[in-house]
Each structure stands twice: as C-alpha cells, then as structure tokens.
Amino acid sequence: MRRRFGSLAPVELSPGVPATLVIGYHAALQILHDPDHFPADPRAWEKNIPADCPIRPMMEWRPNPIRSAGRDHLRYRSAAATALGKVDLHRLHTTVEQVAIPLINSFCEVGHCDVVSQFALPLAFSIHNATLGCSPDIGQRAATGMAALFDTVDAERGNQMLSEALLELIRVKRADPGADITSWLVEHPVALDDEEMLHQLVTLYGAGIEPVQNLISNTLLLMLTDERFAANVLDGSLSTRDALDEVLFNDPPMANYCISYPRQPILIDNVWLPAHQPVMISMAACNNDPAIRTGEVTDNRSHLAFGTGPHACPARPAAVLIVQDAIDQLLDALPEMELAIPANELQWRPGPFHRALSALPVTFPESPPISAGIQ
Ligand code: HEM
C-alpha cells in the first residue's frame with residue numbers, strides 16, 4: 001500500500017463502503033490534530049449506510065466524545081475525562097491484584113489454560129465493572145453485546161443487548177450513587193440525560209474491556225515467543241513494560257480506528273479526500289511507517305496506539321497500569337509459562353478494527369494456589 005499509494009490508501013471497510021486509510025505517521029498527526037477539517041461526527045456519512053452493514057454500529061453517531069465534534073465533543077469529553085480522572089490508580093493496582101489472584105487460582109493447579117478466556121477477558125471485565133460500579137449480571141450482558149459489535153458478527157443484536165443492560169445501570173446509579181465512574185458521570189455539571197449517559201457507558205464498555213483484554217494477550221504472546229522477554233521472567237532483562245510498549249508500537253490492539261468524516265473535500269499529501277467519506281487512521285501502519293522507525297522502540301512512547309490530539313484516549317494511564325499489573329501477577333505466579341501450540345497456529349478474531357486473539361493456550365507446571373500479597 002505504501003509503495004502504491006504513499007500515506008493515504010483508498011480502501012473498502014466493508015463491501016461497498018469506501019474510505020481512506022491513513023498509513024503515514026505524519027499525515028496521521030496532521031489529521032488527528034485538525035478536528036476542524038477532520039471532525040469525528042459521522043451523521044452525514046451514515047445516511048447512505050444500510051442499518052445492517054456490519055461495521056456500522058462501531059462507526060455510527062452516538063452522543064459521545066469519540067463520535068462528536070466541536071462543542072458536543074467538549075461537553076462529552078469533559079464528563080468522560082473528569083470521571084476517568086477520578087479513578088484512584090493506587091486503588092486500581094489493588095483491584096487488579098484482587099481480581100487476578102482468584103482467576104489464577106482457578107487454573108494454576110491444572111497446568112494449562114487459555115489466557116484470553118480464562119484470564120484476560122474476565123480480568124478486564126471485572127475491573128471495568130468495579131470501576132464503573134456495575135453488578136456482575138449487568139456487566140456480563142453488556143460485555144456479550146459489545147463482543148458482537150467488535151467482531152462485526154450479529155452486530156445489531158449485540159447493540160440492543162448492550163443498551164438494555166446499561167440503561168439498568170444508569171437507573172441504579174441515579175437512585176443510589178457511589179464512588180464509581182458511572183456515578184461521577186451522572187453527577188457531572190454538564191447534566192447528561194439518560195440517552196447521553198447510555199452512550200457514554202457504551203463507549204466506556206467498548207474502550208475498557210476489549211482493547212485491554214487484547215493488549216494483555218498480545219503482550220503476553222510477545223513475552224512468551226521472544227527470547228529477549230522470555231529471559232525476563234528468570235533473570236530480568238527486558239520488563240513487562242518494555243514488551244507492552246513494543247506491542248503498542250508494532251501491533252496495537254486498536255489496529256485501525258480514530259475515524260473522521262471531512263465536511264468538504266480536502267487536500268492532504270497531494271490527495272483530495274472526498275467529503276463525508278470516512279478517514280480512518282491505521283495505527284498499526286502509522287506506527288510501523290519507515291519514516292519514523294529508525295531503530296529500537298524501547299522507552300519510546302510516540303506511537304499512536306492511544307490516538308493523539310483532542311480525541312486521544314483519556315484512560316491511557318489506567319489502561320497501561322491494568323495491563324502491566326495483570327501480566328506481572330500472572331507471570332509472578334506462573335513464571336515457567338509456555339505457549340501450548342506453535343505461534344503460527346494461533347487464530348485472530350474477525351473485524352477490521354481490532355487486533356484480537358481468539359485464544360492463547362498456554363502450559364505451565366502445576367502449581368498450588370497463591371494468596372493475596374501485602375497491600
Ligand atoms: C489498551 C487499552 C486502550 C486502548 C488501546 C485505547 C485506545 C484508544 C484510542 C486509539 C482512542 C482514540 C479514538 C479516536 O481518536 O477516535 C481512544 C479514545 C478513548 N478511550 Fe481509550 N483505549 C484503551 C483503554 C481505554 C479505557 C480503559 C477507557 C475507559 C474505561 C478508555 C476510554 C476512552 C474514551 C472515553 C475515548 C474517547 C475520547 C475522545 O473522543 O475524546 N480507553 N482510546
């Protein structure tokens with residue numbers, strides 16, 4: 001694509017849905033820092049997209065920060081960023097430990113597990129529920145719906161299941177607020193109504209579970225398959241944080257996202273981009289752009305895995321903490337973990353947006369359950 005098109009490649013996101021994929025790092029920066037010319041509001045575009053188009057639910061308008069521009073964006077962003085900013089990272093560290101240990105204990109004695117379904121997913125899911133103040137039952141329904149959206153399989157039904165679960169959570173928190181993200185959103189001075197609240201939570205569910213789960217699995221995969229990290233478990237050469245940064249650079253969990261919809265035709269890098277047609281950033285391609293990849297990426301955090309500019313991820317510190325702590329807990333408990341099948345036999349889930357393993361089967365010596373450390 002780079003040889004043929006340079007930094008902007010014409011693509012179809014789904015059959016008959018044209019878009020521009022940004023694969024050049026510098027073009028991506030220009031776009032992500034120019035919300036006036038590249039607004040994130042998809043309403044003009046989606047008028048011509050059928051309701052059953054499998055990628056539509058991930059891209060359509062919602063009154064939330066990711067899909068709005070201008071004043072609306074400021075409004076939703078301030079509520080989301082304030083609520084996420086109130087999460088206590090010290091407490092979060094303890095929460096990760098409290099969630100990780102029982103999960104590890106559920107498989108450590110049998111000598112094998114699937115990291116995705118038995119660790120990364122339930123961990124991301126329980127932590128998200130804890131920070132949102134959400135009961136396990138409501139959270140389970142929301143997560144199932146969201147997974148269908150990400151896989152772009154049975155997406156419409158997934159959307160409906162998600163909405164019903166989250167409306168219930170909003171009702172609970174309006175009546176009885178606590179020290180959690182949902183309550184902080186409800187209490188924020190921008191006074192979000194029920195529909196707005198619903199969509200803030202949908203956004204948080206999409207952002208808070210799937211990419212975290214995928215970053216845990218993808219980072220662990222790197223650590224289990226690359227000598228530089230495998231050595232770490234025993235003699236400490238490169239750390240979990242180094243592996244995490246490398247995955248965020250080379251193989252980010254949101255591979256293609258950060259979508260904008262220009263209101264008028266716009267010239268960028270000598271290419272006219274049409275109005276009302278999605279411009280999608282390929283974080284995977286931009287991070288691997290030879291124009292910026294001059295050497296080692298250890299300690300280099302200039303990747304676009306969390307976006308950049310006014311829509312950049314407001315939960316980056318919490319997300320990194322959760323992933324790093326989760327992997328450290330797992331490898332501290334089971335340091336001799338190995339991949340159970342050859343890496344090239346691993347399956348990746350469908351969908352153009354994410355980089356997600358279907359399963360990550362591992363083996364390790366059968367080990368006794370562990371108890372919680374000093375907190
Ligand atoms: C590894 C984990 C994560 C990754 C890779 C990630 C990635 C991203 C990216 C690429 C964006 C920019 C989207 C755009 O420009 O259209 C974004 C935005 C956002 N993320 Fe994250 N995220 C992660 C975790 C989280 C978590 C845990 C939360 C909250 C619970 C969260 C909440 C948000 C929100 C609310 C936005 C929208 C900001 C805006 O449009 O102003 N993210 N994230």
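Using only Cα atoms, locate the centre of region 12-53 and the centre of region 294-309, then give the distance between them in Å, rounded to an integer.
23
For region 55-160, what is the charge dipole size about the Cα centre, in debye to the nearest 20, if Lys and Arg each add +1 at the Cβ and Asp and Glu each add -1 at the Cβ?
Using Cβ point charges on Lys, Arg, Asp and Glu, region 55-160 gives about 660 debye.
Under 1.5 on a/c is rounded, so check that first for the chain, then, if it is not, pick prolate when a/b is larger than b/c and oblate when it is not; a ≥ b ≥ c are the square roots of the alpha carbon gyration tensor eigenvalues.
Numbers: a/c = 1.79, a/b = 1.23, b/c = 1.46.
Oblate shape, in that a/c is at least 1.5 and b/c is the bigger or equal ratio.
With N set to the residue count of region 80-203, report its C-alpha Rg divided by 2.2 N^0.38 Å to two decimal places.
On the way: Rg = 15.7 Å, N = 124, 2.2 N^0.38 = 13.7 Å.
Dividing the Cα radius of gyration by 2.2 N^0.38 Å gives 1.14.
Placing +1 at every Lys and Arg Cβ and -1 at every Asp and Glu Cβ, with all other atoms neutral, what dipole size does region 2-363 have around its Cα centre, in debye to the nearest 20? All intermediate terms of the calculation are to be shown ahead of the outcome.
On the way: 26 positive and 43 negative charges, 250 e Å.
Charge dipole of region 2-363: 1200 debye, to the nearest 20.
Go through LEU166, LEU149, SER183 and say which Cα lies farthest out towards the positive end of the charge dipole of region 102-194; charges sit on Cβ, +1 for Lys and Arg, -1 for Asp and Glu.
Positive-end residue among those listed: SER183.
With an 8 Å cut-off on Cα pairs and a minimum separation of 6 or more residues, tell me the relative contact order of region 2-363 in percent.
In percent, rounded to a whole number, it is 25.
Calculate the length of the line joining the C-alpha centroid of region 75-108 to that of region 316-375, in whole Å.
Result: 17 Å between the Cα centres.
What is the packing order of peptides 214-224, 257-267, taking the mean over residues of other C-beta atoms within 10 Å and listing the highest first?
Working: 214-224: 25.6, 257-267: 17.9.
Going by the mean number of other Cβ atoms within 10 Å, highest first, we get 214-224, 257-267.
What order, most packed first, do the peptides 200-207, 291-298, 360-367 have when packing is the mean number of other Cβ atoms within 10 Å of each residue?
200-207, 360-367, 291-298
Normalise the Cα radius of gyration of region 86-136 by 2.2 N^0.38 Å (N = residues in it) and let me know the number.
Against the compact-globule rule of thumb, the ratio is 1.21.
Bear in mind these aren't lab numbers, they're just calculated from the coordinates by the rules spelled out. Given the structure is predicted, the values throughout are model-derived calculations rather than measurements. Ideal geometry is used to build each Cβ from the backbone, glycine not excepted, and the neighbour counts take in all protein chains shown.
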